[in-house]
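*Asks:* Sharing a structure here in structure tokens format.
The values are calculated or read from the model by the stated rules, or taken from the named source; none is laboratory data. Predicted model only: the values in this text are computed from it and were never measured. Here the Cβ positions follow ideal geometry from the backbone for every residue, glycine too, while neighbour counts run over all protein chains shown. Protein only, heavy atoms only, side chains kept; ligands, DNA and RNA dropped before computing areas. Shrake-Rupley method; radii C 1.70, N 1.55, O 1.52, S 1.80 Å.
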Amino acid sequence: MNHATRCGRRFALLLALAGTLWLTGQPVQAEYGDLVLNENAEKEGMPPVIFPHWFHRIRFRCKVCHADLGFQFKAGGSGINMLKIIDGQYCGACHNGEIAWSVENCNICHSGKPGLPTQVIGSRLGKLAPPGPTQGQQK
Ligand code: HEC
Ligand code: HEC
Ligand code: HEC
């Protein structure tokens, strides 16, 4: 990555985030808008789940997940577990081999580095759109 790209991206992130994770010096291990879900995964021997919220938000309306599927507006807040997913709830409502690839692909969801707490981290904004007023108008 060249210097200009890096500066541009850093600037976009600062604009978008002013005063949050980046300025606290927290290491960024995924992209902003990604959620780490690790209430039980690591305790049960699986790597933390990285849920790319932004990736999903541009494909589905909020209501699909936050009303119809019962996801709470809080990372770790919905009591999601693997049994419910296999039963077709939460992530499993789509990751069933029909709407999206199925639950057998453990590693695509359980892709986090060990030790990540449940939280929101990282950003895709800088990659999808130029900073500023054009945000949210990806082509
Ligand atoms: C494909 C499903 C999906 C869609 C679509 C979706 N979300 Fe989410 N959202 C989630 C999940 C999953 C969580 C985490 C819930 C959990 O961990 O229990 C979450 C968490 C959140 C959070 C809390 C993050 C935090 O700080 O902890 C907010 C705010 C949020 N969503 C807003 C939105 C908005 C606004 C939209 C529409 C523009 C949207 N979501 C669309 C699945 C979705
Ligand atoms: C579509 C995404 C997705 C896939 C695919 C997936 N998981 Fe999960 N898994 C989750 C989520 C979300 C959680 C809850 C994360 C947490 O602990 O907060 C979870 C939790 C778990 C847990 C913790 C205990 C429990 O029951 O919740 C285990 C163990 C687990 N998964 C194993 C697996 C295995 C093995 C596979 C492959 C056969 C798999 N997962 C595939 C999303 C997925
Ligand atoms: C409303 C439907 C829906 C729900 C609910 C949903 N997903 Fe997805 N997800 C999709 C679709 C569609 C794709 C794209 C599949 C493809 O590219 O073939 C996807 C892709 C992904 C990807 C790959 C993203 C990438 O960069 O390629 C991950 C990781 C993922 N989902 C995890 C999850 C987890 C974890 C949950 C639950 C917390 C979840 N999803 C809930 C529909 C959903």
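*Asks:* Quick check on packing: order 93-106, 43-56 by the mean number of other C-beta atoms within 10 Å, highest mean leading.
*Replies:* Working: 93-106: 13.6, 43-56: 16.9.
Averaged packing, sorted descending, gives the order 43-56, 93-106.
*Asks:* When the accessible area of the stretch 29-126 is split by element with a 1.4 Å probe, what percent falls to carbon and sulfur? Write out the running numbers ahead of the final one.
*Replies:* Details: 3420 of 6030 Å².
Reported share for carbon and sulfur atoms: 57 percent.
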